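Since the structure comes first, as C-alpha cells, the remarks are kept for the end.
Read the figures in this text as sums done on the coordinates, not as results from a lab. None of the values given here were measured: they were computed from a predicted structure. Backbone-built Cβ (ideal geometry, glycine too); neighbour counts: all protein chains shown.
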Amino acid sequence: MTVPRRRRILFGFVMLLLLAVLLELAGATTWWWLRGEWFTWQRGDAARAIAANAFDPTADQQQQRERATLRLLQGNLAQHPFLGYVNDADVAAQQAHAVPVSRFGFLDVAPPIRQRGPDRFVVAITGGSVAAQMWDQARGELAAELQLSRAIAGRRVEFVNLALGGWRQPQQLLAVQLVTLLGGEFDLVINLDGFNEVALVHENLPHGVPAWFPRGWARLLDQPTPAQQLRLGRLALARQQRIDAANTAALMRWSALAQAFWLLADRGHDRAIATAAAAVEQGATAPSFAVTGPGTGGLDLPAAWAQMADLWAASSLELAAACARHGTRYCHFLQPNQYVPGSKPIGEAERRVAWLGTHPFKRAVENGYPLLRQRAERLRAGGVELHDLTHLFADHHEPLYTDTCCHLSPTGYALLARRIGATVRGELDLAGVTIAALRASPPELQFTDPLARQELRVLAITDDGREVDITGQPDTTILVPPSQLVRDQHGFRAAARGRAELVVTRGPLRLAVPVRSTWPDRIRADDAFPSGAAPRLTLAEDEPTGTTLAAVCTGLPTGGHRVLVVGLVPIRAEAPDAKAAEHGLALTQLPGDQPSVPVQLPWPDRTPLRDVPMFARVLVLDDKARVIAASNTVVVTRS
C-alpha cells in the first residue's frame with residue numbers, strides 16, 4: 001500500500017519539527033552546562049553585549065552604569081604630563097551611556113576645582129578603581145554617615161573624585177597636589193589604596209620599567225617594535241572577531257542552539273584575547289629612556305614589592321603633610337581584597353566568579369599586604385593612622401566580590417563606604433576626648449515580624465557630657481547571637497523567636513542590649529509587587545500535617561511562568577537563579593493558568609528547628625525571566 005504523498009510530506013514536516021525541538025533542548029542544556037543557568041533571550045542578549053563590549057538594552061539602570069564605569073576604568077586612557085594617565089574625555093563623550101568624564105580626565109560631572117565654604121564640606125576620594133567605583137556607587141551612603149558628625153552638621157557633603165583605575169602611589173599624592181595648586185580646596189581627603197601598589201608590580205618589570213612608574217607605561221608611551229606591532233594586531237583582530245561573532249549570533253537570538261554554539265565559540269575567542277593580551281603585556285617595546293627611566297635596578301618581584309611598600313608609605317606621609325598645610329584632614333584606608341588570607345568566607349557561588357588560585361594578584365596580595373601592614377608603624381610615627389579594612393567582610397557570607405581582581409557589588413561598596421564614613425566621624429568627633437559610657441538607641445530591640453529590620457545606633461557619652469554616634473567605627477564591636485539575629489547592610493532582622501542580647505564593646509566599656517522577638521505562628525505580609533492588584537498568597541485554616549502546608553494563591557495573571565519560592569530567608573521580588581539552593585531556597589513550578597491555584601508549601605529539609613521562620617512567595621516570570629508579578633510573603637513559624 002502506497003502512503004499518500006501528502007501524508008509523507010506531513011510526516012517529514014513533523015519529524016523535522018521534532019528534530020528542531022530536540023536540538024533546541026540540547027542547546028538550552030548546553031547553555032546551562034556552560035553558564036550554570038537556563039537559557040533565556042534576556043540572558044543571551046546580556047552575554048552577547050558583554051562579549052561585544054556594548055551597551056546591554058536588557059540591563060537595568062544600575063547594571064548599565066556599572067558596566068559603563070568598568071569600561072572607562074579599564075580603557076580609554078590618555079597620557080597626562082603630571083599624573084601618568086587619565087581618562088580620555090573626548091572618547092568618553094562619544095560613547096553611548098558612558099559615565100560622565102570631566103575635562104580633567106576623572107569620572108565626574110564637574111571639574112575637581114572646588115572651594116570650601118560654610119554651607120558645604122568638600123571631600124576628595126583618591127585611589128584606584130575600587131575607590132572610583134565606591135565614589136560612583138556608594139557616595140550616598142558615605143555622605144549619610146559623614147553627616148552624622150557634629151563637625152559637619154548643617155553642611156552639604158560634596159565629593160570630588162580623584163581616583164582612577166590602575167592608579168597607585170605616587171599618583172594619588174600628585175593628583176591631590178595638582179588640584180590644590182590649581183586652586184582646589186578640600187575639607188577632607190580619603191585615600192583608599194594598597195592593592196594596586198603590590199598587585200600591579202609584575203606588569204612593569206618585564207619591560208625594564210620601574211615598579212613605581214604608572215601602570216602600562218610602556219604601552220602608553222613608546223613606539224612598539226615590529227614584533228610588538230604584530231602582537232597588537234593579533235590582539236585587535238581577536239577582539240574584533242569576538243565582537244563580530246556576537247553581532248552575528250544576535251541574528252538568531254531566538255535559538256538556544258545557535259546561542260549555545262556561539263557561547264562555545266566565544267569561550268575560544270575569550271581565550272585567544274587573553275593569550276594575545278598576555279603576549280602584548282610581556283612583549284618588548286622599542287627601548288628608550290622615556291619608557292624605562294632609571295630602569296628596574298635589577299630588582300626581582302619580592303624586592304619590587306618591598307620597594308613599592310616603602311614608596312606607598314612615604315607617599316601617604318607626604319600627602320598627609322600637604323593636607324595639613326592647607327587645613328585639610330587626611331584619612332588613609334587599606335583596601336580589602338578577597339586574596340587576603342582569612343579576610344572573608346568565600347562560598348561556592350562567589351568562588352566561581354571571584355577566585356582564581358593561579359592569578360598573579362593572589363600571590364601579590366599574599367606577599368605584599370604583610371609588607372604594607374609592616375609600614376603602618378612608620379605611618380603612625382609620622383602622624384598617619386592606617387585604617388586596615390582587609391577584614392571588613394570577615395562576617396559576611398553573602399557574595400560581595402564580583403571578579404577575580406578586587407571589585408565589589410553595590411552591597412559591598414555600601415558596606416565599605418559606611419565603614420569609612422563611620423571611621424572619619426570618629427576622628428572628627430572624638431579627638432582629644434575620653435569616652436565615659438555607652439548608650440544604645442533604641443535601648444532594646446523588639447521584633448514582632450521576622451521581615452522587619454531595625455537599626456541600632458551606639459552613642460558614646462564623652463567626659464565633657466556630649467553624645468557622639470560611634471556606630472560602625474572599627475573600635476566599636478557588636479557581638480550578635482547568630483541563632484537569634486541576622487545582620488546585613490540594612491540593619492538587624494530576627495532569625496528566631498525568643499530572647500537574647502547584643503553586647504556592645506568599646507575598649508574597656510561594655511553595654512548589653514536586650515533583644516525580644518515574638519510574632520504569631522502565621523503572618524501574611526503586605527509586600528506584594530507590584531502593589532494594587534497583585535496576587536495574594538493565603539494559608540489554609542487547617543493545621544499543618546506532615547511536611548507540607550496547604551495554601552492558595554489568588555489573583556494570578558493568566559500568562560507567565562509561576563514559581564513558588566520557599567526558604568529560610570525573605571524572598572525578594574526578583575527572578576531566582578539556577579543556584580537558588582545555595583541560598584536555602586526551594587523552587588516549585590506551579591501548573592495551570594487559572595487566576596487561583598492551590599499551593600503546597602514544603603518545609604525545607606533543614607528546618608527541624610523550633611521558632612525559626614519559613615518564608616514563602618509566588619513569583620510570576622515572563623519569557624525573559626523578569627518578574628512581572630509577585631505575591632505577598634507568607635511567614636510560618638513552628639512553636
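For the peptides 264-273, 409-418, the ranking by mean Cβ contacts within 10 Å, running from highest to lowest, is 409-418, 264-273. For the chain, excluding the exposed loop sites themselves (GluC sites (Glu not before Pro), DSSP loop, at most 15 other Cβ atoms within 10 Å), the longest remaining stretch covers 38-384. In a reduced charge model with +1 at each Lys and Arg Cβ and -1 at each Asp and Glu Cβ, the chain shows a dipole moment near 1140 debye about its Cα centre. Looking at the chain alone, DSSP beta bridges between its own residues are antiparallel in about 75 percent of cases. Within the range 433-517, antiparallel bridges make up roughly 90 percent of the DSSP beta bridges whose residues both belong there.
Select from LEU25, PRO557, THR547 the residue farthest towards the positive end of the dipole of the chain; place +1 on Cβ of Lys and Arg, -1 on Cβ of Asp and Glu, and compute about the Cα centre. Farthest along the dipole direction, towards plus: LEU25.
Using the Cβ-Cβ distance between MET252 and GLN94 with R0 set to 41 Å, the FRET efficiency from 1/(1 + (r/R0)^6) comes to roughly 0.85.
Checking Cβ-Cβ separations below 4.7 Å across the chain identifies CYS323, CYS331, CYS553 as cysteines lacking any candidate disulfide partner. Answer with one residue from THR476, THR448, ALA460: the one whose Cα lies farthest towards the positive end of the charge dipole of the range 433-517, charges on Cβ with Lys, Arg +1 and Asp, Glu -1. Farthest along the dipole direction, towards plus: THR448. Here the residues ARG352, ARG373, ARG562, ranked from fewest to most Cβ neighbours within 10 Å of their Cβ, fall in the order ARG352, ARG373, ARG562. From helices alone, the chain scores -11500 deg cm²/dmol at 222 nm; the rule is -39500 (n - 2.57) for each run of n ≥ 4 DSSP H residues, then divide by the residue total.
Of all DSSP bridge pairs formed entirely within the range 74-226, close to 30 percent run antiparallel.
The distance linking the range 270-340 with the range 395-456 is 31 Å (Cα centroid to Cα centroid, whole angstrom). A dipole drawn for the chain from +1 and -1 charges on Cβ atoms has a positive end, and of ALA500, ASN191, ALA528 the residue lying farthest that way is ALA528. Here ARG150 and VAL503 are evaluated by their C-beta separation; at R0 = 25 Å the FRET efficiency comes out at 0.40. When peptides 165-175, 485-495 are ranked by their average number of other Cβ atoms within 10 Å per residue, the highest-first order is 165-175, 485-495. Highest mean packing comes first when the peptides 84-90, 551-557 are listed by Cβ atoms within 10 Å, giving 84-90, 551-557.
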